[in-house]
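Enquirer: Structure incoming, see below.
Just so it is clear, none of the values below were taken in a lab; they were calculated from the coordinates. Note that the structure is a prediction, hence the values are computed from the model and not measured. Using ideal geometry, Cβ is built from the backbone for each residue, glycine included, and neighbour counts are taken over all protein chains shown.
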């Protein structure tokens, strides 16, 4: 038997103003995307924004449905929209942020497993890392690639 250790590296910022301009713009887009959230049941709003390598930013917001689990997370809304509109463009970065009843969450709300797997699929498809920014009222965490959030990714490619 061998005992193994998994270490995850990430950078943490105290505010959006500490981010590089292009990532500040992306996080601002994710915050703006909160307006499109439809969360009448949970009241938990999530906004996401994907920056494509060509610089285009595509936003998404979570969408709930009475026929649970027919809704969709903000991250997948943004990624699927970007992929449908720009199928040959790889993703540079994805930012997300959550709010409840209009107030940004005090701590980061991380992507669910399904969203992490979709992110990993796009990394694999294009062979390029996707930087992930997870924001909150008090801090922003930046992960250099999806494997930092999903270290044992499922892949068949």
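Enquirer: With a ≥ b ≥ c taken as the square roots of the eigenvalues of the C-alpha gyration tensor of the range 71-114, please select rounded if a/c is under 1.5 and otherwise prolate if a/b is larger than b/c or oblate if it is not?
Expert: Cα axes put the range 71-114 in the prolate bin.
Enquirer: Ranked from highest to lowest mean number of other Cβ atoms within 10 Å per residue, what is the order of the peptides 27-37, 7-17?
Expert: The peptides rank, most packed first, as 27-37, 7-17.
Enquirer: Pairs of Cα atoms under 8 Å, at least six residues apart: use those to get the relative contact order of the range 1-79, whole percent.
Expert: 22 percent.
Enquirer: If you find the alpha carbon centre of the range 68-113 and of the range 116-157, how far apart are they in angstrom?
Expert: The range 68-113 and the range 116-157 have Cα centres spaced 12 Å from each other.
Enquirer: Related question: Ignoring everything except DSSP H segments at least 4 long, calculate the 222 nm mean residue ellipticity for the chain; use -39,500 (n - 2.57) per segment, divide by total residues, nearest 500.
Expert: Result for the chain: -8000 deg cm²/dmol, rounded to the nearest 500.
Enquirer: How much length is gained on full extension from residue 9 to residue 25, taking 0.36 nm per residue of separation minus their Cα-Cα distance?
Expert: Computed gain between residue 9 and residue 25 is 3.5 nm.
Enquirer: Next up: Could you work out the relative contact order of the chain? I mean the mean sequence separation of Cα pairs under 8 Å and 6+ apart, divided by the number of residues, in percent.
Expert: In percent, rounded to a whole number, it is 23.
Enquirer: If you don't mind, another one. How big is the chain by Rg and Dmax over its Cα atoms, in Å?
Expert: 15.3, 51
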